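Single-structure report; data block below.
Values quoted throughout were computed directly from the atomic coordinates according to the rules given, and no laboratory measurement underlies them. Given the structure is predicted, the values throughout are model-derived calculations rather than measurements. Every residue, glycine among them, receives a Cβ derived from its backbone with ideal geometry; neighbour counts consider all protein chains shown.
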Amino acid sequence: MSTVFPGFAGVVVQWFRSLLLETFHTSWTLIRITLPIIFIVKILTELGLINIITRLLDPLMSLVGLPGSMGLVWATALFTNIYAGMIVFAGLAASLEITAAQATIISSMMLFAHSLPVELAITRKAGVGIGFIAFLRMAAAMIYGMILYHACEFFGLWQQDAVVMFRPLPEESGWLPWLIGQGENLRFIRKKVERL
């Protein structure tokens, strides 16, 4: 019995060690993605460019029943990745009243079309025309978004307010309180990732 237990304890310790290492690597990957996006969105907000971008994207996003600011979420996912789009969504959702249907629509669109620079580079290496694939992915996302929007409207599906599990803490003015708040937000995200 005593010879079996040390072996079992060693396996358990090794499992915990690998779990902690994997959690750290996953958290670090997400933080490396998240930090630049957080700063870019803050700078765009401070310069008043979020409102301009929102107004420019509003006609396109209205086709799928979304406010223009969700266009920034999708554009972020298109040019970076889904995680970055989710970070922008979390930052913007705090100031918006969106329905579960709208959250589903933007999430679905991000699943159809995301990380285009990386995925189109892979497509090019496979010998397929990248212009056609980029168009196909974005058109499929828009068409699916329109179908989903009209189906939700027609059948009255998911019209309740969206439950956003992560809402950034309210911001105080100034860069230092903002940085402290972002650190707290990142710590919250890391804890959620560890639970996965």
Helix 4-46 versus the longest principal axis of the chain: what angle, 0 to 90°, nearest 10, using Cα atoms?
-> 30 degrees
Rounded to a whole number of µm²/s, how large is the Stokes-Einstein D of the stretch 36-89 at 4 °C and 1.567 mPa s, given Rh as the Kirkwood radius over C-alpha pairs?
-> 117 µm²/s
Taking Rh as the Kirkwood radius, which is the inverse of the mean 1/r over Cα pairs, what is the Rg/Rh value for the chain?
-> 1.08
At Leu44 and Ala139, where each label point lies 7 Å from the Cα along Cα→Cβ, what is the point-to-point distance in nanometres?
-> 2.6 nm
